[in-house]
There are 4 protein chains.
Amino acid sequence: MTRIAILGATGYTALELIKILLRHPGAEIVAVTSRQEGQPPIAAIHPSLTDRLDLRLEDLAPEEIAARAECVFSCLPHGASSAVIPQLLAAGARVVDFSADYRLNDAGVFAQWYGHQHADPERLGKVVYGLPELYRKQIPPAPLVANPGCYPTTAILALSPLLKAGLIETGDIIVDSKSGVSGAGRTPKLNYHYPECNENLLAYNIGRHRHTPEIDQVLSAAAGKPVEVIFTPQLAPMDRGILTTAYAKPAGPRSEEQLLQALKTFYADEPFVRVVEHLPGTKDCAMTNYCDVTARLVRGRVITVSCIDNLIKGASGAAVQNFNLMFGYPETMAL
Amino acid sequence: MTRIAILGATGYTALELIKILLRHPGAEIVAVTSRQEGQPPIAAIHPSLTDRLDLRLEDLAPEEIAARAECVFSCLPHGASSAVIPQLLAAGARVVDFSADYRLNDAGVFAQWYGHQHADPERLGKVVYGLPELYRKQIPPAPLVANPGCYPTTAILALSPLLKAGLIETGDIIVDSKSGVSGAGRTPKLNYHYPECNENLLAYNIGRHRHTPEIDQVLSAAAGKPVEVIFTPQLAPMDRGILTTAYAKPAGPRSEEQLLQALKTFYADEPFVRVVEHLPGTKDCAMTNYCDVTARLVRGRVITVSCIDNLIKGASGAAVQNFNLMFGYPETMAL
Amino acid sequence: MTRIAILGATGYTALELIKILLRHPGAEIVAVTSRQEGQPPIAAIHPSLTDRLDLRLEDLAPEEIAARAECVFSCLPHGASSAVIPQLLAAGARVVDFSADYRLNDAGVFAQWYGHQHADPERLGKVVYGLPELYRKQIPPAPLVANPGCYPTTAILALSPLLKAGLIETGDIIVDSKSGVSGAGRTPKLNYHYPECNENLLAYNIGRHRHTPEIDQVLSAAAGKPVEVIFTPQLAPMDRGILTTAYAKPAGPRSEEQLLQALKTFYADEPFVRVVEHLPGTKDCAMTNYCDVTARLVRGRVITVSCIDNLIKGASGAAVQNFNLMFGYPETMAL
Amino acid sequence: MTRIAILGATGYTALELIKILLRHPGAEIVAVTSRQEGQPPIAAIHPSLTDRLDLRLEDLAPEEIAARAECVFSCLPHGASSAVIPQLLAAGARVVDFSADYRLNDAGVFAQWYGHQHADPERLGKVVYGLPELYRKQIPPAPLVANPGCYPTTAILALSPLLKAGLIETGDIIVDSKSGVSGAGRTPKLNYHYPECNENLLAYNIGRHRHTPEIDQVLSAAAGKPVEVIFTPQLAPMDRGILTTAYAKPAGPRSEEQLLQALKTFYADEPFVRVVEHLPGTKDCAMTNYCDVTARLVRGRVITVSCIDNLIKGASGAAVQNFNLMFGYPETMAL
């Protein structure tokens, strides 16, 4: 039984995490934190947890958290996460960080995209990127795992095998992604106000979304040389799900069968990536930790389509997958 | 040509009003106001108005407004509306008020439901309730028209003819209403955050929604004796539309045909109420000023079903209908 | 390990059932049937089952099914279900029937509401109505359990305790329900075509929905005298969820606290009914087997609000709850 | 006053067309046709037309149609449209064709993409493509106008000016489009069944959507040399709206300002294309005949974003725009 604390427990990823952990036989949630005033019961924030988790939100110091919990899931926003994680680690806790704080290897790139200096720059480059499909071996011993971003998960799982196999060129990769609104979090803003989002589909942050350098970094590692993608995030009127359509140039003459076969070979033993021949939709993966991927060759260009549930494989499911690897549980437990 | 000012122009009812007035041959919008800082162009707030209305938001005193405009539509919230309307009237403007401030006849009832004293109590009881189907004659000469609430419109249009004809009892009337989210306005709040509303249906403010006394008052007038309804508002995952299912007891033995006939007779000459034999849905009235109504007799109880577009017949369409009557335009113009 | 067959496996309730059973440690799905031609893999019908259930649809005779499976879940439509269940039972299988075929006790009432004679009328009245909250003791030994309808579940769980406690009158009960579209099944029809349902809310089958006699029957048993409800089903633009708002008259002077207390007492030991003080929304129960219930007293009338996920507590979750009771598993297993 | 017939009046584009024409002072709808049995009133098919259009569906021969109407809008599917249009034209009617039958200039290309020989191949290449922004001069005298496809409208309006101005290369253009479900028509199919579409986003017909050659043809004409696009259509959970994100390579060093300026210059006098600096969303154009367009330069690649209401600028609004030009009405009338 592993004692678990969840930081920033009022958001959607924390809620989803709690739901998964409640059915995990090895997980015991011992603390849920928030700077929320008055320490309400968690079920007062998330009514769906009524009678399911009898804890109150607490505002705890890192040392108190580490004293209680062996594993800490930080659902804090970037900046806030790296402000407490060093102390959690120093106090002996192991951490899965949902924020972007430890995903990038380079403090300069971080500063450029996030607009402020990193609070813990020395650690960058030494933290495993928690995508088991690429970095499974590094995860079990890791004190800290950087849980991947939701958009990057879809782009990386679709494109990495093709880059690794040398089937596509590294230049001129386009990642056109569409996400449900839960990815924007639980804080009310006009952009995510129901009547603004419903019956609407729009692009946002073109060319400046912070998931761009994360995709670049992991694809570059896969390719063995620098990759810079064009990344277009778009908001779709649904709760959950990301569909990513990526475009790349084949490296030499390739067939659609080769592309699909490369994906199938790469993911042959993966429990959570399904290489499918049909064109998948986000609903196929909804409420699951699956990523469905396929590939097409159209007029000489490679097109991949991949989809996930952004709150599960794109956040909390991936986090539990990492937790399972870190703490010796079967990788698929509770997922 | 009538010069028009719109107060509180950043909300959804104001946006809808502008769209209607832009196709009205007798309407010229001369001012749009807001306490918004910096006086942005209205199209910066409502991108759908790009190239359609070239005005900036202004923060104007009532006298300035009245100097520019003959007709003022106040889309301000309750309390704010009655704080400026007396001055607008005194300065010679005629006003259609979207707020609840002048809908109730009794300052005590207002204070009870709205939680504060009315700023202009002497005027209460002298302002016409702007539902032309019931009060058409009083509207043309009125300096001030209280535009009806969205929920009350559906309940009143369904039940008034049956009460007036003595076909239903005045006791024990239940009004079960379901509304799209645009009715809650444009201010972001957790309750109306996309991931909270989508795939959700919930009741709220049972027994204490402020439209209750408004329904009571107008139905009481129709019945000639006091009516107190049970009113249950519910939020449905859609932008627009209200469906109201009302339950009442027949006064004596009645047939379904009698009920439908009473509605048809009452609305025979009405341009915007359609008495239908099928069960209507909100989409039938979407983007129109229609209210569709029908009635059923089930196991000895009368059921009415009525629906509107809450932003049109439930707000801005009704307001233009009132404007047309006040300023001598054909009642259906631009609607 | 219990061997399970699922009849009519192409629909939404079957899909949901499979998803639940896949995480049930005591369930082994051995057959999925359909009259579909060509016996495709189940994942070709339900892509979300890719890599999760490696079975093909089969068109099997009842004897073949009973030879393979100990427990049969029949997701066939009414009429079709009672055409095979007698043979399944005769061959020794135990059955959970999702259809309405064995819910009513009276063949005459069945014929009146379903428009045809019952194929197996002698069995009516001897089959347990599979709502464990009311009939738990009869379920474990039952060869056949009639799984409750989705709407009835919400109405019965809200009203039964109040009727049993004598807190509400038996006359004049109104059940106003709103359902997501998945309740209508997976067969494409214009009424459920996306552009018809989206941004639409409508009432249907007022006074003639077939769940009416089912609600009547179970509430009558709870009350100890005949109950006839006014039942209004409505379709809301969402996948899942039913919210039922019911109206009844208090039997004598009652307080809201008494109503809530009666519900809390009745459900004190129930794992899947949560008596809440807030007004619940369908999303609180989405993807769970919970039913959330509350009560209000407004202007002398009792209002209950209850909600479920129509595919889980309203169908497949309830079926697994019954299965657990029938086969000796913990009642909450996999739920 | 122009007498109008609408063929294939049971679909969504016909419904939208009727709504627009009902507010057109120069249009009189004299016939609505369908092979529907029994000739029901049009309002029985489209309840939103109750009390608005008092016509019955008829099954008329082309000669009868041409005898009654000066202008015929054919909302028939491809194949069916070209089966009657020659006779309508021969009988003296002028026609706006919503189908793809007369959009392509080459009967071979038609046969390749539509899978059957064209019924009227001699006329191909002589019919104006009804996009006034590109072909306004040819429309007024035309006996037959091929109304553009919805996806092509968004791609062509975004990319043509950049191709004409030589700002982008003709090779390697990607058109990634997302559409609401109404674009799929009113015939119920599993793909468009509410619970399949809702909360789902999926790609379909990648590399083989029939709008591909239409985009190719018009962009090739704009560029003055062959263009072959990669076109990816995707279905989004909303009624209306298309958002198209297109990717192209700049021809030489270009700035974002140049791109935007080229669009602004090209559309300076266009009433229905708004070149905006913000990233537009489909809702900005909903229920209007506008197309909103913008451009970005990201990492050396040009990205355009354009959106329309697929039923209006993508179908019925464009058709009325063409009608206005053909019959001498102001181009924006009723739009």
Check A:Thr50 against each of (1) of a type in the set (S, T, N, Q); (2) open to solvent by 20 Å² or more (accessible area, probe 1.4 Å); (3) within 24 Å of the chain's Cα centre (by Cα) and name the one condition it does not meet.
-> (3)
In the stretch D:280-295, anything open to solvent by 40 Å² or more (accessible area, probe 1.4 Å) and closer than 20 Å to D:Asp176 by Cα is listed as D:Lys283
Given (1) surrounded by fewer than 21 Cβ atoms within 10 Å (Cβ to Cβ); (2) under 20 Å from D:Met326 (Cβ atoms); (3) small (Gly, Ala, Ser), index of the condition D:Gly108 fails | (2)
Single unsatisfied condition, B:Asn200 versus (1) more than 30 Å from B:Lys249 (Cα to Cα); (2) not in a loop (DSSP other than H, G, I, E, B) = (2)
Return yes when B:Asp101 is farther than 26 Å from B:Thr244 by Cα, acidic (Asp, Glu) and open to solvent by less than 30 Å² (accessible area, probe 1.4 Å) and no when it is not.
-> no
Considering the stretch C:69-84 alone, what residues qualify as being farther than 19 Å from C:Gln138 by Cα, aliphatic (A, V, I, L, M) and open to solvent by less than 40 Å² (accessible area, probe 1.4 Å)?
-> C:Ala69, C:Leu76, C:Ala80, C:Val84
In the stretch A:254-277, is there at least one residue being open to solvent by less than 20 Å² (accessible area, probe 1.4 Å), under 29 Å from D:Met238 (Cα atoms) and over 18 Å from the mean Cα position of the chain (by Cα)?
-> yes
What number of residues in the stretch B:261-286 are assigned to a loop (DSSP other than H, G, I, E, B), more than 10 Å from chain C (Cβ to nearest Cβ) and in contact with a helix residue (DSSP H, G or I) (Cβ under 9 Å, 6 or more places away or on another chain)?
-> 6
Keeping to the stretch B:200-211, report how many residues are under 25 Å from C:Phe231 (Cβ atoms), open to solvent by less than 40 Å² (accessible area, probe 1.4 Å) and more than 7 Å from every other protein chain (Cβ to nearest Cβ).
-> 1
Which ones in the stretch C:287-307 are more than 7 Å from every other protein chain (Cβ to nearest Cβ), farther than 21 Å from A:Ile18 by Cβ and in a strand (DSSP E or B)?
-> C:Val293, C:Thr294, C:Ala295, C:Leu297, C:Val302, C:Thr304, C:Ser306
Inspect all residues belonging to the stretch C:165-172 and state whether any of them is within 13 Å of chain B (Cβ to nearest Cβ), crowded, with 24+ Cβ neighbours inside 10 Å and β-branched (Val, Ile, Thr).
-> no
Look at C:Leu219 and say whether it is crowded, with 22+ Cβ neighbours inside 10 Å and touching a residue at least 60 places away in the same chain (Cβ under 8 Å).
-> yes
How do the pairs read when you match residues in the stretch A:238-249 that are more than 10 Å from D:Leu202 (Cα to Cα) and assigned to a strand (DSSP E or B) with residues anywhere that are open to solvent by 10 Å² or more (accessible area, probe 1.4 Å) and not aliphatic (A, V, I, L, M), using Cβ under 8 Å and keeping only pairs 6 or more apart or on different chains?
-> A:Ala248/A:Glu169; A:Ala248/A:Asp172
Might you let me know whether the stretch A:175-188 holds any residue that is within 8 Å of another protein chain (Cβ to nearest Cβ), over 27 Å from B:Asn198 (Cβ atoms) and open to solvent by 10 Å² or more (accessible area, probe 1.4 Å)?
-> no
Only one of C:Leu57, C:Leu49, C:Leu22 is in contact with a helix residue (DSSP H, G or I) (Cβ under 7 Å, 6 or more places away or on another chain), in contact (Cβ under 8 Å) with a residue 12 or more places away in the chain, of a type outside the set (Asp, Glu) and within 14 Å of another protein chain (Cβ to nearest Cβ); which?
-> C:Leu49
Residues of the stretch A:268-323 classified as over 22 Å from A:Gln258 (Cα atoms) and among the β-branched types (Val, Ile, Thr), total = 5
Test A:Ile29 against the stated conditions and say whether it is more than 14 Å from chain B (Cβ to nearest Cβ) and either touching a Phe, Trp or Tyr at 6+ places or on another chain (Cβ under 8 Å) or of a type in the set (Phe, Trp, Tyr) (or both).
-> no
Quick one: which of B:Ala334, B:Ala319, B:Ala295, B:Ala315 is touching a residue at least 12 places away in the same chain (Cβ under 8 Å) and farther than 23 Å from B:Ile139 by Cβ?
-> B:Ala295
Is it true that some residue in the stretch D:317-325 is at pLDDT 95 or above, part of a helix (DSSP H, G or I), more than 16 Å from B:Arg23 (Cβ to Cβ) and open to solvent by 10 Å² or more (accessible area, probe 1.4 Å)?
-> yes
If you go through the stretch B:141-159 one residue at a time, do you hit one that is closer than 24 Å to B:Ala251 by Cβ, open to solvent by less than 10 Å² (accessible area, probe 1.4 Å) and more than 14 Å from the chain's Cα centre (by Cα)?
-> yes
Filtered residues of the stretch D:222-239 (kept if of a type outside the set (A, V, I, L, M, F, W, C) and either open to solvent by less than 30 Å² (accessible area, probe 1.4 Å) or more than 10 Å from every other protein chain (Cβ to nearest Cβ) (or both)) | D:Gly224, D:Lys225, D:Pro226, D:Thr232, D:Pro233, D:Gln234, D:Pro237, D:Asp239
What number of residues in the stretch A:89-129 are within 21 Å of A:Ala221 (Cβ to Cβ), small (Gly, Ala, Ser) and part of a loop (DSSP other than H, G, I, E, B)?
-> 3
Of all residues in the stretch D:63-87, how many are assigned to a helix (DSSP H, G or I) and under 15 Å from D:Arg123 (Cβ atoms)?
-> 7
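The values are calculated or read from the model by the stated rules, or taken from the named source; none is laboratory data. Values in this document were obtained by computation on a predicted structure and should not be read as measured data. Every residue, glycine as well, gets a Cβ built from its backbone with ideal geometry; the counts of neighbours run over all protein chains shown. To get the accessible areas, we keep the full protein, side chains included, count just its heavy atoms, and leave off ligands, DNA and RNA. Shrake-Rupley method; radii C 1.70, N 1.55, O 1.52, S 1.80 Å.
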